[in-house]
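Enquirer: Take this structure, written in structure tokens, and hold onto it; I'll ask about it next.
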Amino acid sequence: MISGLVQILLFQSLGELVSKFVLPTLPGPVIGLVLLIAWLALRKGINPELATVADAFSQYLGLLFVPAAVGVVLFLPQLKANALAIVSALVGSVILTIATSAVLVRFLSSKPTEVDQ
């Protein structure tokens, strides 16, 4: 279990270093996650220690929503004052996401594959 935790912390630290010195616009944990996924893809599998730690973390992911809920309650007056702008931004982003996904799926599905030829 310690080995799996060390692996996760190592890749997060590498991500933080890359974020600090190479790609300051991307968050370090995101870069670390991409590096970890790339490493696991190169190894073509996940070791049992890392799988154990990942399973243990995933059981408690719901706790990550507690700070967000506290923030919503803390800023409730500002949220009420700007409700129209917030709802408009949410609806607009959902529509743009769906439209972008549809265009991307149509573009990718129109490419002929080796099976089609």
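Enquirer: Can you find a residue that is of a type outside the set (A, V, I, L, M, F, W, C), over 19 Å from the mean Cα position of the chain (by Cα) and surrounded by 10 or more Cβ atoms within 10 Å (Cβ to Cβ) anywhere in segment 28-43? Give the steps one after another, and end with the answer.
Expert: So the first thing to find is which residues in segment 28-43 are of a type outside the set (A, V, I, L, M, F, W, C), and the list is 28-29, 32, 43.
Pick out the ones that are also over 19 Å from the mean Cα position of the chain (by Cα) and you get 43.
Next, only the ones that are surrounded by 10 or more Cβ atoms within 10 Å (Cβ to Cβ) stay: none.
No, because not a single residue in segment 28-43 is of a type outside the set (A, V, I, L, M, F, W, C), over 19 Å from the mean Cα position of the chain (by Cα) and surrounded by 10 or more Cβ atoms within 10 Å (Cβ to Cβ).
Enquirer: Would you confirm whether any residue within segment 37-51 is basic (K, R), within 30 Å of L5 (Cα to Cα) and out of contact with any Asp or Glu (no Cβ under 7 Å at 6 or more places or on another chain)?
Expert: Just the residues of segment 37-51 that are basic (K, R), to begin with: 43-44.
Subsequent filtering for residues that are within 30 Å of L5 (Cα to Cα) retains 43-44.
Within this subset, residues satisfying the condition of being out of contact with any Asp or Glu (no Cβ under 7 Å at 6 or more places or on another chain) are 43-44.
Within segment 37-51, one or more residues are basic (K, R), within 30 Å of L5 (Cα to Cα) and out of contact with any Asp or Glu (no Cβ under 7 Å at 6 or more places or on another chain).
Enquirer: Filter segment 9-26 down to the residues that are surrounded by 13 or more Cβ atoms within 10 Å (Cβ to Cβ) and at pLDDT below 90 and list them by number.
Expert: L23, L26
The values are calculated or read from the model by the stated rules, or taken from the named source; none is laboratory data. No experiment lies behind these values; they were computed from the predicted model shown. Counting neighbours? That spans all protein chains shown, and the Cβs are built from the backbone with ideal geometry, glycine included.
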